[in-house]
1. Within the range 25-32, identify whether any single residue is part of a strand (DSSP E or B), within 12 Å of the chain's Cα centre (by Cα) and either at pLDDT 95 or above or of a type in the set (S, T, N, Q) (or both), and answer yes or no.
2. Just name the residue that is surrounded by the fewest Cβ atoms within 10 Å (Cβ to Cβ) out of those in the range 130-153 that are at pLDDT below 90 and under 18 Å from Asp109 (Cα atoms).
3. Kindly list the number of the only condition in (1) out of contact with any strand residue (DSSP E or B) (no Cβ under 8 Å at 6 or more places or on another chain); (2) closer than 26 Å to Lys12 by Cβ; (3) part of a helix (DSSP H, G or I) that fails for Phe140.
4. Scan the range 155-175 for residues that are more than 18 Å from Ile87 (Cβ to Cβ) and of a type outside the set (Asp, Glu) and report the count.
5. Would you pick out the residues in the range 79-115 that are buried (at least 20 other Cβ atoms within 10 Å of the Cβ), in a strand (DSSP E or B) and of a type in the set (A, V, I, L, M, F, W, C)?
6. For the range 16-74, what are the residues that are among the β-branched types (Val, Ile, Thr) and more than 14 Å from Val6 (Cβ to Cβ)?
7. So which pairs qualify, if the first residue must be in the range 48-63 and assigned by TED's automatic domain parsing to the domain that holds His162 and within 22 Å of Ser137 (Cβ to Cβ), the second must be in a helix (DSSP H, G or I) and not small (Gly, Ala, Ser), the Cβ gap must be under 6 Å, and the two must be at least 6 apart or on different chains?
8. Do you know which residues across the range 25-64 are touching a His at 6+ places or on another chain (Cβ under 6 Å) and within 15 Å of Val79 (Cα to Cα)?
Amino acid sequence: MSDNAVQRFLFKELNIRGQHIRLQESWQKMVTDRHYPQPIIKLLGELTAMSVLMANGMKHQGRITFQVQGSGPVTLLVVEVTHDLKIRGVAKTNQTVGEQTSLDELLGDGQILMTLENTQTNHHFQSFVPREGHSISEAFEAFLSQSEQLPSKIWLAADEAHIGGVMIQKMPETDKHDEDGWDRITHLTTTVQDDELLNLQAEELLHRLFHEETIELFKEEEVIYECPQDRECVEAMLKSLGEEELRRLLEEQGEIVIHNEICNFHMRFNAEDIDALFTDQKKDDDVSTTLQ
């Protein structure tokens, strides 16, 4: 069993579906050297967990991106999850974060924008997640219940070492199987504690909560953190600025430093790097001219 996985499950006799997520190493890599205060860890971690739950089972190649630009202490929050469950994300603040815990306190008037990208068709779909309730869980319960027409209940938790969560959804045929089934499962799940979400894997947690129910647990899907340092992409961006502009920046600053905020790394370019960049470009131009 993996410590970095999301797993679907089904209450076979009730026609209620669910997902369990617990991330350790992949989440730790995402927040390494970020030095986020606890309220930001909680907010970013819960949004990351929710993003994975929604990306799990995507039927096309692409990604889900959630972005928030707010007027509160958190000015920017971005989480990306690909169809094969590779995650990355970042949070930015403009002031010291105190004991704020609600979405309103942390984000001000910021809206949660979801972008669903299909890389096969180059199609993008965007939608706002309504800021209902005071937490990520409550906001997405409302969003999923409205957008998918499936009543949904979500429990999420996050600290510096782990993120965890459980989501259950009522299917159209649920009441025909057992008219009290949804209320019973919801009531049982409300007893879950944060430390159980953070520390227990799916099988153990589901047995602890629902030992009298018949549950089918499906194959777990691994979630990894991936944020490659693509130097070629950065070099292409620098070339687009033009040699004259880069020489000016070098003269002013001594070196050009590119900070990738979402991946939290720096790339530094000195005069020799810029010389090499445009020497290579001139060679490519000469070859192109000769071929013509």
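The values are calculated or read from the model by the stated rules, or taken from the named source; none is laboratory data. Owing to the predicted nature of the structure, the values given are computational and were not obtained by experimental measurement. FYI the Cβ positions are ideal-geometry reconstructions off the backbone, even for glycines, and counts take in every protein chain you see.
1. No.
2. Here the answer is His134.
3. Evaluating Phe140 over (1) out of contact with any strand residue (DSSP E or B) (no Cβ under 8 Å at 6 or more places or on another chain); (2) closer than 26 Å to Lys12 by Cβ; (3) part of a helix (DSSP H, G or I) leaves (1) as the failure.
4. Of the residues in the range 155-175, 8 are more than 18 Å from Ile87 (Cβ to Cβ) and of a type outside the set (Asp, Glu).
5. Val79, Val81, Ile87, Val90, Ala91, Ile112
6. Ile16, Val31, Thr32, Ile40, Ile41, Thr65, Val68, Val74
7. So the pair list comes out as Met50/Ile136; Met50/Phe140.
8. Passing the criteria: only Gly62.
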